[in-house]
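Written out below as structure tokens is the structure these notes cover.
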Amino acid sequence: MRAPLAIAVIICAGSLLSLPPFSSLAAEGYRLLELEGGKVKWGEQRLGTGASISYAFADEPLAFAKARNCGELAPVEKLLGNNISRQTLVRETAAAFRVWERVAGLSFHQVSHTQDADIIFGAQGKPEGRAFANVSYEPDASEGIRTIKQALLCLNPEHKWKVGFDGDVDVYDLRYTLIHEIGHALGLDHPGRSGQVMAFRYTEAFDDLQPGDLLGIQILYGQASEAQLANSRVTQISEMQEAGYQADHSNDNAVENVEEDKINSGMAFSDSASYTGKLGSGPE
Ligand SMILES: [Zn+2]
């Protein structure tokens, strides 16, 4: 009998103040998730190999008993409001996936039903912090790598969300937050406090992947192929045409959030003391 799936969880872009024990970035600007002493990725258990990954929006309440975070997902409808329509949410989510797709051996496609999806995105059923990711993976490691089986992304519906940067770092940009959370769902960890999209502090200093982010994702999945790039461009154009795309990411003020975000890791993280923030049942 196989061991139950191990669950690892990362909270990102949380709102609680927690001072990190270190303040510099990992030297290379990236850090791969290490869970139970191994790396995790989608697809083959070999670094530098690509993967095709599906995602779906939660349109009904879903429960994941073993998930430490995002264990209760509410419909994404809960995230809609003033300036976020369903169409905007769908568009920004697709754009966030595209950001990773165009730089690595990854392809993402939306599916209608969550039971068919590798990654499920919903609102938090029990709102806390800002945004969370949950990664569950197969127990068997090959060359120190485990296959991710499912990932959950959840955002707090009690916080306001926005599209584009406006210098107000208390209201998080939906796309930027999703790019970061998806990075976790793909097997990346926080390299440090700032300077990369995968850094744990929300800033509006840049709206695209930074050198460390690129390095990390390409170590896991290799570089994007020409075919992928062409496909990604076509998809992007049709999305823009459909949605009359006009997100405002023009105001790139280098405003940093004074708040540190909280990192909450699952049990598989509890031996990883180099983390900032709350480590589940591990060290603070
Ligand atoms: Zn994070």
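Where a number appears in this text, it was derived from the coordinates with a stated rule and is not lab data. Computed from a predicted structure; not experimentally measured. Cβ placement follows ideal geometry from the backbone for every residue including glycine, while neighbour counts extend to all protein chains displayed.
Brief remarks follow.
- Of the GluC sites (Glu not before Pro) found in segment 117-209, those in coil by DSSP whose Cβ has at most 12 other Cβ atoms within 10 Å are Glu143, Glu158.
- Note on Lys149 and Lys126: with the Förster distance fixed at 25 Å, the Cβ-Cβ geometry gives a FRET efficiency of about 0.65.
- Environment charge of Ala58, counting only residues whose C-beta is closer than 11 Å and scoring Lys/Arg +1, Asp/Glu -1: -3
- Long pairs among Lys66/Lys126; Lys41/Lys160; Lys126/Lys162, criterion Cα-Cα beyond 26 Å: Lys41/Lys160
- Sorted by Cβ neighbour density within 10 Å, fewest at the top, the residues Asp213, Asp173, Asp59: Asp59, Asp173, Asp213
- Taking other C-beta atoms within 10 angstrom as a stand-in for reagent exposure, His180, His113, His159 fall in the order His113, His159, His180, fewest first.
- Interchain or long-range residues, amide H under 5 Å from Leu188's placed H: Leu33
- Where a label projected 7 Å from the Cα of Asp116 along Cα→Cβ would reach, residues of segment 55-81 with amide N under 15 Å: 55-59
- Share antiparallel - DSSP beta bridges, segment 71-162, percent rounded to 5: 70
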